[in-house]
Amino acid sequence: MTMEQIQGNGEHILIVEDEGLLRNMATEMLKVLGYLPVAVASGEEAVSYLTQNQAHLVMLDMVMRPGINGRETYERILATTPGQRAIVVSGFADSVEIDRTLQLGASQLVRKPYTLHELGVAIKTALLD
């Protein structure tokens, strides 16, 4: 896909990332791609946010400390928002947790560090699924 093809149309994306620098970087990348990002620092915050707000897609970090991991976050989100679209974003190789999250319905895995293009393709693909 070209950069033009991966541009968003103002869709709301919830970023779930415990590391502040990565949260800010993802937020800026999504703005460049034409999305409306909201970032939270934990799985618990994500679950709480989605009880009162909607997101077209959730970007899930897998390892977050302290608190629940990406898989458990997604399970809790699905309990209140069935069918919520998500992608997994991780720099760690805990394939069991990643596989379980993908089996729950997350679209795909994006490995950290990722490029603007890789992130854009993953989000656009997940939104079109």
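Any read-out appearing in this document is the output of simple, stated calculations on the displayed coordinates, not a laboratory observation. Just so it is clear, the model here is predicted, and its values are computed rather than measured. Here the Cβ positions follow ideal geometry from the backbone for every residue, glycine too, while neighbour counts run over all protein chains shown.
Values computed for the structure shown
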quantity: Theoretical gain in end-to-end length, M1 to M25 [0.36 nm per residue, Cα-Cα removed]; calculated: 6.5 nm
quantity: Length-normalised contact order of the chain in % [C-alpha pairs under 8 Å, at least 6 apart]; calculated: 24 percent
quantity: FRET efficiency, L104 to V32 (Cβ-Cβ, R0 22 Å, nearest 0.05); calculated: 0.15
quantity: Which labelled figure in [x] 7.7; [y] 16.0; [z] 6.8 is mean projected area of the Cα convex hull in nm², once derived from the coordinates; calculated: [z]
quantity: Length released on extending from L78 to S95, taking residue separation times 0.36 nm less the Cα-Cα span; calculated: 4.1 nm
